[in-house]
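Novice: First the structure, then my questions, so here it is.
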Amino acid sequence: MLAPIVFSLVVGSLSPAGAEDSLREAVECHPRQGLPNFIAKAEAGETVRVAYLGGSITAAPGWRVQSRDWLAERYPNATIEEIHAAIGGTGSGLGVFRLQQDALRHQPDLLFVEFAVNDGGVAPERIHQSMEGIVRQTWAADPNIDICFLYTLTKQMLGDLQAGKMPRAASAMEVLADHYQIPSIHFGVEVARLESAGELVFQAPKPADFQATPMVFSTDGVHPHVETGHRVYTETIVRSWPAISKASGSAKAHELKQPLRDDNWQGAKMVPITPEMLSGAWQKLDSNDGLAKRFQRNMSVLYQAKEPGAAIEFTFNGINAGVFDLLGPDGGQVRIELDGKQQTRNRIDGYCTYHRMATLNLGSDLMPGRHTVRIELTPAELDKREILFERNQADIDQKPEKYQGHTWYASSLMLIGNLE
């Protein structure tokens, strides 16, 4: 899912003055304190669970599947189980809210975290808040879970890497990796080297023969081909593993030391929407519904607003609120009222020839305290052809019925705070 990734790239190109001063040296692997608990269990031939938390690059059947298979080869007496916790087009700002539901409740031994691309346009301070929230939630739940940060890249990030620097998002994440002594692997260092040497073309039409040289890394400048780019990513893990193993030492619980930021998002969580919050015409979609079935791995419950006036209302004590929802071609407009102040948001955007998971941000960095929220589907008839990007307008011309609805699909509340 390209939409939020492309947006991040556009925003990410507008780096603030002096941002290059904070870029870290481009190092392929920082072993730090390694992965002691995972490696000890794997070497002992036990069952170990690996959670993959990330965006579309991790969701693809590439380095996630390849690394799982390699771990099974590396530790033949162990049973390697995968926890698929990746959602395309999303970054750590959603990852910290869905961490418990998508990863921690499955009791992983190792958590891979991959958000360097989708966080490419996010301010470093916000990355610190969400990524530190991921670390602290994990070790508060189980201090024996090992964590490893993985950094992917886009074509726009090649310049920094070839100049010997990590791009901005990875550099921000390295601050936390240092603070908590979490190992990190940068997939882009080798990619940048191969590209400079003429052995890799980062963006080109899909080749007829993936064995041809130079290898074609991707078609869109973001998503690697499973046969080439993802293989380079996996080989980077393999190459980094001996150093990480050496640094690991004996199994031990990780220390949840003083936070880097007091305003980190350790308290981020998903809260189920309940019928008591709903007014107007809503339908809870059952497992036979196409959308509910498609998104059930991440959205255990999905409600659809059936007509204008359908609303969600709740009150919470906290500092941040949002809704985990869907954007799509039948999306309408919602009116948000937060503490008496109103704004409207469309639940369709320029990419919406399909449905995808998204977040409706209601308020970040609110003053601590009590907040009231009402979100209502409006009767506004949107000019959806005008909303779609020009390259997608042919879809509405050919399939107008797909865009006729004006609805809203909501799954869960995203809160830093507590419901009243």
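The values are calculated or read from the model by the stated rules, or taken from the named source; none is laboratory data. Not measured: the values here are computed from a predicted model. Here the Cβ is made from the backbone with ideal geometry for all residues, glycine too, and neighbour counts use every protein chain on show. These area figures cover heavy atoms from the full protein model, side chains too; ligands, DNA and RNA do not enter into them. Shrake-Rupley method; radii C 1.70, N 1.55, O 1.52, S 1.80 Å.
Novice: Would a scan of region 335-342 turn up a residue that is part of a strand (DSSP E or B), at pLDDT 95 or above and open to solvent by less than 30 Å² (accessible area, probe 1.4 Å)?
Specialist: Yes, that holds for at least one residue.
Novice: Counting only residues that are part of a loop (DSSP other than H, G, I, E, B), touching a residue at least 40 places away in the same chain (Cβ under 8 Å) and farther than 23 Å from ARG126 by Cβ, which one in region 355-382 is least open to solvent (accessible area, probe 1.4 Å)?
Specialist: Out of the qualifying residues, it is THR378.
Novice: In addition: Could you say which residue among ALA212, ALA172, ALA192 is surrounded by fewer than 22 Cβ atoms within 10 Å (Cβ to Cβ) and of a type in the set (A, V, I, L, M, F, W, C)?
Specialist: It is ALA212.
Novice: Does any residue of region 58-68 turn out to be open to solvent by less than 10 Å² (accessible area, probe 1.4 Å) and either without any contact (Cβ under 8 Å) to a residue 12 or more places away in the chain or touching a Leu at 6+ places or on another chain (Cβ under 6 Å) (or both)?
Specialist: no
Novice: Follow-up question, since we're still on this one. Kindly provide the set of residues from region 146-203 that are hydroxyl-bearing (Ser, Thr, Tyr) and more than 25 Å from ILE39 (Cα to Cα), ordered by number.
Specialist: Matches in region 146-203: THR154, SER171, SER196.
Novice: On to the next question. Criterion first (small (Gly, Ala, Ser), modelled with pLDDT of 95 or more, open to solvent by less than 60 Å² (accessible area, probe 1.4 Å) and touching a Pro at 6+ places or on another chain (Cβ under 9 Å)) does GLY221 satisfy it?
Specialist: Criteria not met by GLY221.
Novice: Name the residues in region 91-111 that are open to solvent by less than 10 Å² (accessible area, probe 1.4 Å) and not in a helix (DSSP H, G or I), would you?
Specialist: ALA103, PRO108, LEU110, LEU111
Novice: Only strands (runs of 3 or more DSSP E) wholly contained in region 112-209 count here; list those with 2 or more residues that are touching a strand residue (DSSP E or B) at 6+ places or on another chain (Cβ under 6 Å) and closer than 21 Å to ASP220 by Cβ.
Specialist: 146-151, 200-203
Novice: Looking at region 238-247, can you tell me whether even one residue there is assigned to a helix (DSSP H, G or I), open to solvent by 50 Å² or more (accessible area, probe 1.4 Å), farther than 30 Å from LYS41 by Cβ and not small (Gly, Ala, Ser)?
Specialist: no
Novice: Hey, CYS148 hits all of (1) modelled with pLDDT of 95 or more; (2) open to solvent by 10 Å² or more (accessible area, probe 1.4 Å) but one; which does it fall short on?
Specialist: The number of the failed condition is (2).
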